[in-house]
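Worksheet for the structure shown next.
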Amino acid sequence: LYYVDEGSRSRHKLIFAGKKKFNQDPLRGIEYLTDRGLLSRQPSAIAQWLFKGEGLSKTAIGELLGSHEPFCLEILDHFVLCHSFRDMFIVDALRAFLWSFRLPGESQKIDRIMERFAKQYVATNEGLFVFRVFTNADTCYTISYSCVMLNTLLHNPNVKDRPTFERYQSMNKELLESGSVDTVTLSQIFESIRTREFQIPCDDVACLDNIFLHPDREGWLYKQSSSQFISGPLSWKRRWFVLNDSCLYYFDQTTDKEPRGIIPLQNVGVRRVDSPSRPFMFEIFSLSEDGRVKACKTEQTGKMVEGRHTVYRVCASNLDDLNAWMEAIAGAVNLYPTRPRSVQ
C-alpha cells in the first residue's frame, strides 16, 4: 500500500516554499532548504538538485552559477560535471548545456561558466579522435565564447549587420594562424548556428504563462494514449508532465508553448496499478457521478476538445519517480491514494 501522511504533505509544502525563495534569491532559497534538512549542504548535492531543476527558475540557476562566491564556484564545478558531452560536436554540446539554465548577461559571469564548460568538454572527449579538434581547454573556451557571440549576432533582431563566415573567421584569426582550429571546423560551427538558433530557456512572465514557471512537479512520464477496449492494443507515448495549482498538464516536448492536454485534479483519485509489464504505473480515476475525468486535449487540427477518459494511466521510469508523482498528485487533490488495483 502507498499512503501520503500529513508529515509528507508538510515536507512537500516546505520544499515548494524553498523553491519559490530560490527563484527570488538563489542563496536564500538554498539556505532555507538546507536549514530544514531538505537539501544537503554539499555543493555536489546542490548541483544535482539544480541539474534536475524541477520547479526552479532557469534564470535563477544561471545567476547562481555565474556568481564569484567561492561556494557558488564549487557548485558550478559540480554542475558542469553533471553533463556528459561525450561524442558530441561542440555546438551540440553547447545547446544541451545552455538549455539547463539561462545564461546571465554579465560578461564576467559568462566567462566563468564557459571556462568550466570548456574544461568538461575537453575532458569528456579526451582520446576520441573524431572530436579531438581542440588542443586544450583554452582553445575550447575561446571557441565556446565565440559561439555564444555568433548566436547573438546572427539571431538577435536588434543586430542589423549579420556576420558572414569570413567575418567569423577573422574573429578567430589567432586560433586559425596557430593551428589550434581549422577552417572546416569553423565552417561547421558557423553553419550549425546560422541554420539553427540556440534555444535559450526563458522563464520570464512575458515568455511563458505563470502557470509553468514554478510548478509543483515536472518531468517525463509515459502516458497511455488509447484504450484497449476501444482501439485495440495499448499504446504508450512519452510526454512532459507539469503539475501546478491542482492541475496536470502534458506536452509533447519541454519547449512546447501549449499543452497537449489538461487534467484538472477535481473529483479524481490516484492509485498505483499493479502490472507485470509496467511495474511503475499509476492511474488518475474519476470520483464523479458520471464516471468521467474532466479533461481536455488538443487534436491534430489544433482544436481543443473535451476528453472522454474514465481513467488516465501513466507510467514512471522508476519507483522513486512513481512515489514522488503519486505524492504530489495526492497532495494536489487533497486525499489519500486508494488501494492499488491490478491489471494484466
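Among what's in segment 237-249 and is under 21 Å from ASN318 (Cα atoms) and surrounded by fewer than 17 Cβ atoms within 10 Å (Cβ to Cβ), pick the residue that is farthest from the chain's Cα centre (by Cα).
LYS237
When you go through GLU54, GLU69 one by one, which is the residue that is in contact with a Gly (Cβ under 7 Å, 6 or more places away or on another chain) and either in the same structural domain as LEU98 (by TED's automatic domain parsing) or under 23 Å from ARG11 (Cα atoms) (or both)?
Just a single option satisfies the conditions, and that option is GLU54.
Being modelled with pLDDT under 85 and assigned to a strand (DSSP E or B) is the filter here, so list the residues in segment 265-300 that pass it.
CYS296, LYS297, THR298
Is it the case, given these coordinates, that ALA137 is surrounded by 20 or more Cβ atoms within 10 Å (Cβ to Cβ) and either assigned by TED's automatic domain parsing to the domain that holds MET171 or of a type outside the set (Ser, Thr, Tyr) (or both)?
Spelling it out, it is not the case that ALA137 is surrounded by 20 or more Cβ atoms within 10 Å (Cβ to Cβ) and either assigned by TED's automatic domain parsing to the domain that holds MET171 or of a type outside the set (Ser, Thr, Tyr) (or both).
Within segment 250-268, can you find the residues that are over 17 Å from TRP240 (Cα atoms) and either surrounded by fewer than 19 Cβ atoms within 10 Å (Cβ to Cβ) or outside the structural domain of VAL333 (by TED's automatic domain parsing) (or both)?
GLN266, ASN267, listed by residue number.
Specify which of the listed residues (LEU243, LEU265) is touching a Pro at 6+ places or on another chain (Cβ under 8 Å), within 12 Å of ALA330 (Cα to Cα) and of a type outside the set (Asp, Glu).
Only one candidate passes the filter, namely LEU243.
When the residues of segment 122-168 are filtered to those that are among the polar types (S, T, N, Q) and in a helix (DSSP H, G or I), which remaining residue is modelled with the lowest pLDDT?
Ranking the qualifying residues of segment 122-168, first place goes to THR124.
Would you point out which residue out of LEU65, LEU38 is within 19 Å of the chain's Cα centre (by Cα), more than 22 Å from ILE193 (Cα to Cα) and not β-branched (Val, Ile, Thr)?
Of the residues listed, the single one that is within 19 Å of the chain's Cα centre (by Cα), more than 22 Å from ILE193 (Cα to Cα) and not β-branched (Val, Ile, Thr) is LEU65.
Taking into account only those residues within segment 17-35 that are surrounded by 15 or more Cβ atoms within 10 Å (Cβ to Cβ) and of a type in the set (S, T, N, Q), which is nearest to the chain's Cα centre (by Cα)?
ASN23
The values are calculated or read from the model by the stated rules, or taken from the named source; none is laboratory data. Not measured: the values here are computed from a predicted model. Neighbour counts run over all protein chains shown; Cβ positions are idealised from the backbone, glycine included.
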